[in-house]
1. Arranged from highest to lowest average of other beta-carbon atoms within 10 Å per residue, in what order do the peptides 12-21, 59-68 appear?
2. Mind checking which aspartates and glutamates have their Cα closer than 18 Å to the Cα of K133? Skip sequence neighbours fewer than 8 apart in that chain.
3. Can you tell me the length gained on complete extension of the stretch N36 to E177, counting 0.36 nm per residue apart and subtracting the Cα distance?
4. Cα extents of the chain along the three principal axes, largest first, in whole Å?
5. Suppose each label sits 7 Å from its Cα in the direction of the beta carbon; what would the E111-R253 distance come out to in nanometres?
6. Taking every DSSP beta bridge that has both residues in the chain, what percent is antiparallel when rounded to the nearest 5?
7. Could you give me the ³J(HN,Hα) list for region 126-132, computed from phi with Karplus coefficients 6.51, -1.76, 1.60 and θ = phi - 60°, whole Hz, x at Gly and Pro?
8. Only Lys, Arg, Asp and Glu count, each charged at its Cβ (+1, +1, -1, -1), so figure out the dipole size of the chain about its Cα centre, rounded to 20 debye.
Amino acid sequence: MNAIEIRGLEKRYPGFDLKLDLELPQGCILGLIGENGAGKSTTIRAILGMIRPDAGQISVLGHDNSRNFAPVREDIGVVLDEGGLPSCLNAAQLGKVMSGIYRNWDQAVYEDYLKKLSLPKDKAYKDFSRGMKMKQAIAVALSHHPKLLVLDEATSGLDPVVRDEVVEIFSDFTRDEEHAVLISSHIVSDLEKICDYVAFLHKGRLLLCEEKDALRDQYGLAQLSRADFAALDEAAVIGHRASPYGVTAIVRRDAVPSGLALEPVSIEDLFILMVKEGEQ
């Protein structure tokens, strides 16, 4: 079963519209990559039932979220970009509040995450730095035994060491094959470390959704002279960037001459050059 299935989703705002089909298999982490305004947060809010789509269907953990969504809310851990926790409460008070909200709240697990993430129990949430607010939201999201994590810029504002710890926590979470994670981030290197699948959103459209390892097998990075680039089949080129010294191109490995020297392509380079190619 897929943890999330999106079919024919449409959401229109003045000056922007989102159209999307997307799947997240159970046991996997899907990274949603896109520039600001690409539609990442709109997609997440539609999945969580926070906004009503203009068209399409969204299934979460086997339930249509436009109908009886209440049974699965308990099974979803959520971290939104703005945090969204009561600002006047400290970590100890938040634990008491959440124990009354979630049937499966596990205080021992919560206490363990507070220690792991170095969060003080007696400091009000409003007095936290942005990074601490994100860590507090992550601790809450993981402490009621969810099956699905939906994370909007959950690593934003964290220093590199803590980011690495949090990324490892998310990776451990999906060792259970009934768990899944949807995470958006502008820090593409974080997603590249942990994601099984990556989806590229640009101006409300899905450019690509593939297994991360398959992307590395399918595409390569070539450093070419302008003449060698011009000789390539246009269908082989996914994106390129020209400079006075030549052309950097991302190409399909199976569509270029076998002797062409290719380097591994990063997810960030692939996204940036695909977007630039589309705009050209």
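Every number here is computed from the coordinates shown, using simple stated rules; none is lab data. Everything quoted here is computed from the prediction, not taken from an experiment. Neighbour counts are summed over all protein chains in view; Cβ atoms, including those assigned to glycine, are modelled from backbone coordinates with ideal geometry.
1. Top to bottom by mean Cβ count within 10 Å: 59-68, 12-21.
2. D81, E82, E111, D112, D122, D152, E153, D159, D164, E165
3. Once the chain is fully extended between N36 and E177, it gains 47.6 nm.
4. That gives 67, 41, 37 Å along the principal axes, largest extent first.
5. Between E111 and R253, the label points sit 5.0 nm apart.
6. Once the DSSP bridges in the chain are tallied, antiparallel ones form about 70 percent.
7. 5, 8, 6, 5, 4, x, 5
8. Roughly 980 debye, rounded to the nearest 20.
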